[in-house]
Amino acid sequence: MLKVWAILLFSGLLTLSQGLDGTVQVLSSVDVNGLEKVIANVLHRGDILNSVQGTMSAADGILNLGIGLTGLEIKKLTLPKVSLKLLPGVGVQMNVYTQVLIEGKGLLGKVLNLQVDVNITARARLAQDDMGAPKLIVEDCKTQLVNVRILNNVLPLHPAVLKDALGNLFPGVLCPFIDTVLNAVNPLLSTVNSVVPLGVVGNLQYTLASLPVVSDAAIKLDLNAVVKDLLGNIVDDPTCSAATVSLPSEVDSSSQLGLSLCLLSSAFKLLLAPGKLRTDIAGQTLPTDIPLTASALHTLVPEVSELLPESQQPLLKIRVLERPAVSEQNGNVTVRLPASIEVSPSDSPQQPLFVLNADIVLSVQPTISDNKLHFSVTLERVGFRLASSLISDFNVALLEPLISDILSAAYVPLINDALEVGIPLPNLLNLNWEDGLVKVMNNVLLVNALA
């Protein structure tokens with residue numbers, strides 16, 4: 001089981017669900033601008049804007065003020081502008097500015113059109129729903145009428161009088177509107193609890209784990225991430241169980257995600273399981289400039305000619321012996337695959353001429369697309385040791401250039417195909433990590449979302 005940390009811009013209480021052995025960290029930092037974009041997208045939805053249209057309740061109260069207006073209706077809400085401020089220990093403060101077009105009727109049935117500029121200030125606390133998912137609840141909401149314009153003055157009314165009268169009505173209309181907005185945002189919070197497939201070999205499950213911690217800069221949200229095979233067995237890397245993750249102390253204005261290499265290690269153990277990387281390579285499947293032929297082997301290891309005549313073609317069989325090991329050094333990620341490489345006559349594949357124990361080291365290049373972490377590997381180096389042989393001992397280093405070329409041409413593409421499914425990133429408020437910048441430091445993959 002893998003432990004995931006995500007830093008969001010909220011506070012509150014969540015049901016505890018602590019990780020088990022093998023837990024590692026993933027950290028995410030979502031900046032204010034990122035959260036504002038999420039809320040702004042909801043505010044600009046047609047169904048949200050239309051929800052506030054209609055008759056203003058208690059509009060008849062205006063009559064009691066001697067203004068003589070009836071049937072007040074909100075006809076249009078222009079695209080609101082939102083700004084946010086973090087409230088340590090509480091949650092978030094929303095400031096929403098919008099223009100409201102109102103239509104009403106005078107005593108003689110004449111239509112009056114008003115344009116009202118309004119500031120809405122709401123404080124939201126992060127609680128939890130019945131399933132333990134985070135939920136924003138409005139604790140306090142106020143409206144302030146900035147300006148009232150009479151677009152067609154069919155009644156002898158002064159804007160200041162209208163401003164005072166409408167000011168008493170707007171909290172009952174626009175504060176429920178903020179509730180509607182947050183009710184649309186809350187499902188985006190619950191998406192952190194999800195199960196996503198890892199190709200056709202297993203899945204990755206994200207669930208909330210512990211209490212979030214709010215500060216004036218960010219909020220930490222603790223998640224558990226579990227990699228499982230198709231039988232439901234947990235796939236983890238015990239050697240990574242004590243790994244810790246930290247984000248750079250200077251966080252820029254973009255949202256960030258930090259994934260421990262232990263998450264990669266667990267996923268790679270599933271995607272690159274030994275049985276999935278078995279392959280036989282014959283000379284005819286290789287480019288012409290990579291000669292896997294009897295004559296080429298005779299040149300490198302003359303002793304082979306005793307058992308492999310020119311008329312026969314060699315067959316190279318690769319078998320991974322252990323699950324992959326992921327490591328990082330100086331910002332570079334590598335995967336180590338211990339494997340056996342058998343070289344045998346193609347007409348007698350069960351009688352290898354010799355067997356090499358190979359230490360295949362691959363360089364990993366991570367990228368982000370489709371909100372997944374994708375990987376492309378290239379051969380960095382390979383080391384050989386003679387495991388068994390039907391011929392006399394020979395210098396296995398002489399085979400290294402040829403077999404390295406064979407691995408790059410025919411085996412590395414097989415590995416890249418296995419990794420093509422990628423690792424889905426946690427769905428945090430539908431944040432878009434597409435084409436994000438990726439770098440590696442201190443055993444952590446850091447993803448910076450593009451502004």
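The values are calculated or read from the model by the stated rules, or taken from the named source; none is laboratory data. Bear in mind that the values here come from a model prediction, so they are computed numbers and not experimental data. Note that we place each Cβ from the backbone using ideal geometry, even for glycine, and neighbour counts take in every protein chain shown. Remember, those area values only see protein heavy atoms, side chains included, never the ligands or the DNA or RNA. Shrake-Rupley method; radii C 1.70, N 1.55, O 1.52, S 1.80 Å.
The table that follows gives values for the structure above.
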item	result
Test: residue in the stretch 134-146 that is open to solvent by less than 40 Å² (accessible area, probe 1.4 Å) and at pLDDT below 85	yes
Qualifying positions in the stretch 182-226 - among the aliphatic types (A, V, I, L, M), modelled with pLDDT of 80 or more and open to solvent by 50 Å² or more (accessible area, probe 1.4 Å)	Val195, Val200
Residue identified as surrounded by 15 or more Cβ atoms within 10 Å (Cβ to Cβ), modelled with pLDDT under 95 and under 23 Å from Ala217 (Cβ atoms) among Gly91, Gly106	Gly91
Exclusive hit being of a type in the set (S, T, N, Q), more than 28 Å from the chain's Cα centre (by Cα) and under 29 Å from Lys75 (Cβ atoms), set Asn152, Asn186	Asn152
Filter result for Phe177 (touching a Ser or Thr at 6+ places or on another chain (Cβ under 9 Å), open to solvent by less than 40 Å² (accessible area, probe 1.4 Å) and at pLDDT 90 or above)	yes
All strands (runs of 3 or more DSSP E) inside the stretch 319-386 with 1 or more residues being farther than 27 Å from Val196 by Cα, more than 26 Å from the chain's Cα centre (by Cα) and of a type outside the set (A, V, I, L, M, F, W, C)	332-345, 354-369
Matching residues, the stretch 109-127, being under 21 Å from Ile219 (Cα atoms) and buried (at least 19 other Cβ atoms within 10 Å of the Cβ)	Ala122, Ala124, Arg125, Leu126
Hits in the stretch 155-183 - residues which are within 17 Å of Asn95 (Cβ to Cβ), hydrophobic (A, V, I, L, M, F, W, C) and within 38 Å of the chain's Cα centre (by Cα)	Leu174, Cys175, Phe177, Ile178, Val181, Leu182
Yes/no for Ser241 being over 30 Å from Val320 (Cα atoms), at pLDDT below 80 and of a type outside the set (A, V, I, L, M, F, W, C)	no
Out of Gln115, Gln99, sole residue that is out of contact with any Lys or Arg (no Cβ under 8 Å at 6 or more places or on another chain) and either more than 27 Å from Asn147 (Cβ to Cβ) or at pLDDT 55 or above (or both)	Gln99
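Matching residues to (1) in contact with a Lys or Arg (Cβ under 8 Å, 6 or more places away or on another chain); (2) crowded, with 17+ Cβ neighbours inside 10 Å; (3) of a type in the set (Val, Ile, Thr); (4) touching a residue at least 40 places away in the same chain (Cβ under 8 Å):
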{"site": "Ser388", "(1), (2), (3), (4)": "no, no, no, no"}
{"site": "Asp393", "(1), (2), (3), (4)": "no, no, no, no"}
{"site": "Val396", "(1), (2), (3), (4)": "yes, yes, yes, yes"}
{"site": "Pro401", "(1), (2), (3), (4)": "no, no, no, no"}
{"site": "Ile406", "(1), (2), (3), (4)": "no, yes, yes, yes"}
{"site": "Ala409", "(1), (2), (3), (4)": "no, yes, no, yes"}
{"site": "Ile415", "(1), (2), (3), (4)": "no, yes, yes, yes"}
{"site": "Leu425", "(1), (2), (3), (4)": "yes, yes, no, yes"}
{"site": "Leu428", "(1), (2), (3), (4)": "no, yes, no, yes"}
